[in-house]
Ligand SMILES: NC(=O)c1ccc[n+]([C@@H]2O[C@H](COP(=O)([O-])OP(=O)(O)OC[C@H]3O[C@@H](n4cnc5c(N)ncnc54)[C@H](O)[C@@H]3O)[C@@H](O)[C@H]2O)c1
């Protein structure tokens, strides 16, 4: 058994809980060569709520000063599960202090922020992973394998929708997601970024042109404060392999709790994934007859880590797979890519988000240009 890896975490709310649960499971599911996490310190602003989270999730200490996490010699990996604007400064400080970095999506409020994060993590020669947890759904890993082995032929379409109704709450109060400077984008950055990254992951190809439309559907919260970020977006993306993407997301889709669907069509077949049936992948070949593969067979990703074949997994388990992956990468057992998203992937996604915003503003299609690190040094 290797030495435990000390973790320092920024944020204790929705993702703070999800990541904490992910670490909790590593001891139960990871092979012995993967280091166990030591939950050293957790950061938040509200001392009372933070202390409750610390105790509940089993962190050793709580702090209302994130610098103390970055400076702690017992911390080897800084996990940033805080709101988007808080991704930038602490993650850069962590990388500069030689800590490995694992940061929630979107990597930063703007593409420039995301590029800086990638640049700094590379310069510091630390491991970096952006927490696009869709990559850790076993069904999407199987989908990627099928696409990249040529089973679907030449890929023509990727299509997705991510629909929720959270912004229709009549008691809604403006939060960081509604603040353009803090969030960057609304439904597009929060929900759409998952599907943009998933499309890149599945196709192994990058969007090069975007036509987008974003809309603020509910302009004020229940107290009359302005909502600045988009409630919905629709986009057409042209990928460098010739595929066409049609993506949409909404937080004002009245009848939806959380609906998240991704479809890919190629010259020889098609596949469909829905988060509501996350243990299944629907696949059709040239016979044009969809069949459902239960992705809980002994040969499917992660199933043997958990239970005998046939026992379904859940959404929260993606965080356990993700925790196991970053800890393995920190120990040098494998690289973060191509299964995990690196900060490069986080930056590429941020450029696509920004291109969609730009296209919507200009009412015109825009080309997407990606910066690379070599050109900067
Ligand atoms: N991977 C996923 O499936 C997934 C799901 C949800 C959110 N996310 C991402 O995770 C991150 C955190 O989102 P969440 O849903 O956990 O957040 P949340 O809205 O549940 O909680 C945010 C917390 O941060 C606090 N906060 C706000 N501004 C702050 C600041 N400047 N400094 C310190 N604290 C501040 C708030 O008071 C709140 O306690 C975001 O980047 C989000 O995009 C990822």
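Pulled fully out, how much extra length does the chain show between residue 362 and residue 148, if you take 0.36 nm times their separation in residues and subtract their Cα-Cα distance? Write out the running numbers ahead of the final one.
Working: separation 214, 0.36 × 214 = 77.04 nm, distance 3.51 nm.
Result for the pair: 73.5 nm of gain on full extension.
Below 8 Å between Cα atoms, with a sequence gap of 6+, how large is the relative contact order for the chain in percent?
20
What ranking do 18, 320 get, fewest neighbouring Cβ atoms within 10 angstrom at the top? Before the final figure, lay out each step's value.
On the way: 18 20, 320 26.
Lowest count first: 18, 320.
Work out the FRET efficiency for residue 257 and residue 222 from their Cβ-Cβ distance, taking R0 = 25 Å, and round it to the nearest 0.05.
For residue 257 and residue 222, the calculated efficiency is 0.75.
Using a Förster radius of 51 Å, what is the FRET efficiency between residue 287 and residue 45 based on their Cβ-Cβ separation? Nearest 0.05, please.
Plugging the Cβ-Cβ distance into 1/(1 + (r/R0)^6) gives 0.35.
Rounded, prolate or oblate for segment 229-311? Axes are the square roots of the Cα gyration tensor eigenvalues, ordered a ≥ b ≥ c, and the cut-off for rounded is a/c under 1.5. Intermediate results must be reported in sequence, preceding the final value.
Details: a/c = 2.25, a/b = 1.33, b/c = 1.69.
It is oblate, given that a/c is not under 1.5 and a/b is not larger than b/c.
Compute the distance in nm between two label points, each set 7 Å from the Cα along the Cα-to-Cβ direction, one at residue 173 and one at residue 337.
Those two pseudo-labels are separated by 4.3 nm.
For residue 208 and residue 276, what does the FRET efficiency come to when R0 = 35 Å and r is the distance between their Cβ atoms, rounded to the nearest 0.05?
The value I calculate is 0.65.
Helix-only mean residue ellipticity at 222 nm, the chain, DSSP H runs n ≥ 4 weighted -39,500 (n - 2.57), per residue, nearest 500. What is it? Spell out each step's value before the answer.
On the way: 12 runs with 121 residues, N = 377.
After summing the helix terms and dividing by residue count, I get -9500 deg cm²/dmol.
With a 10 Å Cβ neighbour count serving as the proxy for reagent exposure, in which order, fewest first, do 370, 102, 43 appear?
Details: 370 14, 102 30, 43 27.
By the 10 Å Cβ count, ascending: 370, 43, 102.
For the chain, give me the percentage of DSSP beta bridges that are antiparallel, rounded to the nearest 5 percent.
Here the share of antiparallel DSSP bridges comes out near 60 percent.
Rounded, prolate or oblate: which fits segment 123-270 when a ≥ b ≥ c are the square roots of the eigenvalues of the alpha-carbon gyration tensor, with rounded for a/c under 1.5 and prolate only if a/b beats b/c?
It comes out prolate by the Cα gyration axes.
Taking Cα centroids, how far is segment 123-163 from segment 173-203 in Å?
With segment 123-163 and segment 173-203 each reduced to a Cα centre, they are spaced 17 Å.
What is the order of 342, 91, 318, 2, fewest Cβ neighbours within 10 Å to most?
Final ranking by Cβ density, sparse to dense: 2, 342, 318, 91.
A short reminder: the numbers here are calculations on the coordinates, not readings from a lab. Nothing here was measured: the structure is a model prediction, and the numbers come from that model. For neighbour counting, all protein chains shown are included, and Cβ atoms are generated from backbone atoms with ideal geometry for every residue, glycine included.
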